[in-house]
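Taking it in order: structure first as structure tokens, then the write-up.
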Amino acid sequence: MSEKRSSFTGKVGFVLAAAGSAVGLGNIWRFPYLAAQYGGGIFLLVYLILTLTFGFSLMAAEIAIGRKTGQSPIGAFTTLGKKYSVVGYIGALIPALILPYYSVIGGWVLKYMVGFVTGEGAAMASDTFFGGYISSRSEPVAWFVVFITITAFIVILGVDKGIEKVSKVMMPLLIALIIFIAVYTICTMDGAVEGVKYYLLPDFSKFSFKTVVAAMGQLFYSLSIAMGIMITFGSYMKKDISIEKSIHQIEIFDTGVAFLAGLMIIPAVYAFSGIEGMNSGPGLMFITLPKIFETMPGGGVIGVVFFIMVFFAALTSSISLMETVVSVFQDRFKMDRIKATLTVLVVSVVLGLISVFGYSIWSDFTLFKMQMLDFFDFLTNSLMMPICALGTSLIVGYFIKPKTLIEELEIGGKFKSKHLFTVMIKFIVPICIVLILLSSFGVIKI
Ligand code: PHE
């Protein structure tokens, strides 16, 4: 017998759960390095505009589909029409591909957390430490496996509620600490103010189509949209809650944390290495933060506390990723929960090892000129999520029609952005995404 679908206890419950899934390494690790790389202020501006338009409309569509059908992604799309189920399948595959490399980065966080505890902080502040660490043979493997095994344990034991409680306390503390580090850096380091300007003032000459592609991929990743997760969330949401208001709260929270993380990291990068530092890529946070902590009185302790909090933020996201994949395995292959989780664990370890070895023993091997971790990141964020978003917008815009979802969106209160929603879903989202995909495949040059 299938269990009755549980629902969130109320408005706050829904927003907090969605924010727990949304706020993670995407905000603290991924956003700052992309903003640094893609021109600072201009990236921030494009990102904000896309959040309020693309992000809002797609999230509204997904939550409404979930609440209307009461099902998780594959089932939901199949309910809307059998031929639409393919979008559900693509969506379900995305978290399965993100989870492994997400856990590799979770492993980096663990390494740095333990490093600060064991007094390795000073060594980690050197320019070469991060590169040396990720290219070493066995340690990154071990930390990655530890991180993903912890995630699997929590999923099996079903204690995620406990973790959520801890992270509800950790999250505000993390935000306070990020603000503290940002203020400290800006006030004490020479050159940091230049970095603040780079981050906040858009330089339109740096605008390129790549900025839009990167910002859109980041938006999907950070808000956990275009992969079906919000459909699942919506299916648990009660009817009397306003979807529109909830989305605004999630967006403010998620974007706020990303913005602050950028403010913590980018001015410091400017102070330490000037504009050249901006191109450091995925290692940016791990290279910059130990340097800040090194200059700070009591930095060793602050480093430990900071990485513990980042660890919890990463863990709530990895749990939500794994839960999604496990529930697909349970539904599709009729597995029990433990078996499904162990299967997902084994598959993820294998996939994750490809990313880990991509920096060490297989570093000569690249796909489309990318290291393996970057490749998985590109595959999910720049290809699969746009495809999933395109599919969703076409199905909603032209087959089931925006009106059907607007009815759902109006149940819990007035839906003020009705027109924006319709225009975005029918025209702007599909046109922009087609352009993005064509340019990603090199068919057109924009
Ligand atoms: N949004 C999360 C983050 O920013 C990552 C994530 C993606 C979590 C997809 C769950 C699902 O870190």
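The values are calculated or read from the model by the stated rules, or taken from the named source; none is laboratory data. These figures come from a predicted structure and were not determined experimentally. Remember, those area values only see protein heavy atoms, side chains included, never the ligands or the DNA or RNA. Shrake-Rupley method; radii C 1.70, N 1.55, O 1.52, S 1.80 Å.
Descriptive notes on the structure:
- Of all accessible heavy-atom area on the stretch 310-369, the percent that carbon and sulfur account for (1.4 Å): 70 percent
- Across A176, A214, A261, mean-square fluctuation computed from a Gaussian network of the chain (C-alpha pairs under 10 Å connected) peaks at A176.
- Take M264: with every protein chain present and a 1.4 Å probe, its accessible area is about 0 Å².
- Sorted largest first, the principal axis extents computed over the alpha-carbon atoms of the chain equal 57, 50, 42 Å.
- Using the 1.4 Å probe convention, the accessible area of the chain works out to 40 Å² per residue with neighbouring protein chains retained.
- Qualifying lysines (Cα of each under 26 Å from Cα of K168; at least 8 residues distant if same chain): K11, K111, K238, K239, K245
- Residue among Y184, Y398, Y38 with the largest mean-square fluctuation in a Gaussian network model of the chain, springs linking Cα atoms under 10 Å: Y398
- Accessible surface of the stretch 196-268 [probe 1.4 Å, protein heavy atoms]: carbon and sulfur percent: 70 percent
- Scattering profile of the stretch 31-182 at q = 0.13, 0.15, 0.21 Å⁻¹ [log10 I(q)/I(0), Debye over alpha-carbon scatterers]: -1.00, -1.25, -1.36
- Heavy atoms of T149 accessible to a 1.4 Å probe, total area in Å² rounded to 10: 40 Å²
- Cα centroids of the stretch 383-435 and the stretch 179-245: 21 Å apart.
- Accessible-area ranking of D364, D203, D254, D127, largest first, probe 1.4 Å: D364, D127, D203, D254
- Cα-Cα separations in the stretch 299-446 greater than 28 Å, expressed as whole percent: 50 percent
- Figure note: L409, L16 ranked by solvent-accessible area, largest first, 1.4 Å probe, ligands and nucleic acids not counted: L16, L409.
- For the stretch 324-392, the Stokes-Einstein estimate of translational diffusion at 37 °C and a viscosity of 0.692 mPa s comes to 237 µm²/s, using the Kirkwood hydrodynamic radius over alpha-carbon pairs.
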